[in-house]
1. May I ask for log10 I(q)/I(0) of segment 146-208 at q = 0.13 Å⁻¹, from a Debye sum over the Cα atoms as equal point scatterers with solvent left out?
2. Could you compute the FRET efficiency for MET359 and LYS281, with r as their C-beta to C-beta distance and R0 at 41 Å, rounded to 0.05?
3. Could you compute Rg(Cα) / (2.2 N^0.38 Å) for the chain, with N its residue count?
4. Given Cα positions, please report Rg to Rh for segment 156-285, the hydrodynamic radius being the Kirkwood one.
5. Once fully extended, how much extra length lies between GLU14 and ALA306, figured as 0.36 nm per residue of separation less the alpha-carbon to alpha-carbon distance?
6. Quick one: length gained pulling ALA136 to ILE106 fully straight, 0.36 nm per residue minus the C-alpha distance?
7. Tell me the volume per residue, in Å³, of the convex hull enclosing the alpha carbons of segment 283-334.
8. Quick one: which of LYS198/LYS341; LYS235/LYS346; LYS175/LYS314; LYS175/LYS218; LYS30/LYS97; LYS235/LYS350 span more than 22 angstrom between C-alpha atoms?
Amino acid sequence: MKKKSNLPAINNEELILALQELEKEKGIKKESLLEAIENALVTAYKRNFDSSEENVKVTMDPETGEVHIYALKDVVETVENANIQILLEDAKKIDRKLALGDKAEIELEPKNFGRIAAQTAKQVIVQKIREESRNALFEEFNERKGEIVSGIIQKADGGLVVLDLGKLEGVMPLKEQVPTENYRVNDKIRAYILDVQKGLKGSPQVTVSRACTDFVRKLFELEIPEIYEGVIEIKSVSRDPGNRSKVAVYSPNENIDPVGSCVGQKGIRIQNIINELNGEKIDVIEWNEDPAIFISAALLPAQVMAVDIHEEEKFAQVIVPDDQLSLAIGKAGQNARLSAKLTGWKIDIKSESQFRQMMEQVDEEEEKKQQDDE
């Protein structure tokens, strides 16, 4: 039976009540706090009583807050190190059941340890509250990864943009910013939670983005109920942030026009998204399982005459009227590039004249080959 310690309890009733309140309000388990306090008291004892060699055990009574400190020593026949060993005959005075090879627990009663213990317990509790608060924040924002949040710009110096998200800060790196947007301190903006990591001190580090394709995808979900409800599906998104996005949509219900639903009456739905993206152009395209039809739609607003599909290479040769070539390719190749990303196909665009010249050249080469063979 454990004897009553001569060490004072650490404000016993107040401490136990505080631990119970922390468990109730913040979800910090009383047992984990007690364990953390006991481990900290071991360190405090060794530091304050110059006993780094000793094996020490500290227990705190979960009902009274009473502290007990023990030196743990190996039971041996011959003592070589008195800090960690004890003779068998001396060990039996403590507990008659002890045998060679056992661990003897010798209770210690260091002077003035009550004050050190109280201070240590307080530090551990404060540290644990901070740690659990950080963990709770991390879990909250980790679960919100993939959502859109609003924040006030705190810092915008041409590099990082820092947002006040309420409980913590969100950081928008340069590559996640839209090149055509200007960010000013105190402006309220929306952004997509891209990632949540634990920093060096355990604090959550939230990375947000306005440039990623998922930001556009999420805006469609928020603005168009049919997408949120799953009646219309977003098949793919490609984006040149600040300039143009292409969104492929599909509905298994033949009675629903997926493109019309996304655009909305008089274009009001799509305009809300364009406004959020500060005027970025958006092409809404109907997805089709036939790659030729899908690729033709993806190249809109250009008109397509023909699409030659090469399944194995996932390559498509597209023919457009002469006056549609520059439109199909787009400024700096933007339309062709976004269409390729949207469909997942390599796309080579030729005008009708270019295609005819190419075919004439092929015919000439074949004719020449036949003549050579003759």
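1. These q points yield log10 I(q)/I(0) values of -0.31.
2. With R0 = 41 Å, the Cβ-Cβ based efficiency is 0.75.
3. Expressed relative to 2.2 N^0.38 Å, the Cα Rg reads 1.71.
4. Across segment 156-285, the Cα-based Rg/Rh ratio is 1.03.
5. That works out to 96.9 nm of additional length.
6. Computed gain between ALA136 and ILE106 is 6.8 nm.
7. Residue-normalised Cα hull volume stands at 80 Å³.
8. LYS198/LYS341; LYS175/LYS314; LYS30/LYS97; LYS235/LYS350
Values in this text are rule-based calculations from the coordinates and carry no lab data. Everything numeric here is computed off the predicted structure, so don't read it as measured data. We place every Cβ from the backbone using ideal geometry, glycine too, and count neighbours over all the protein chains shown.
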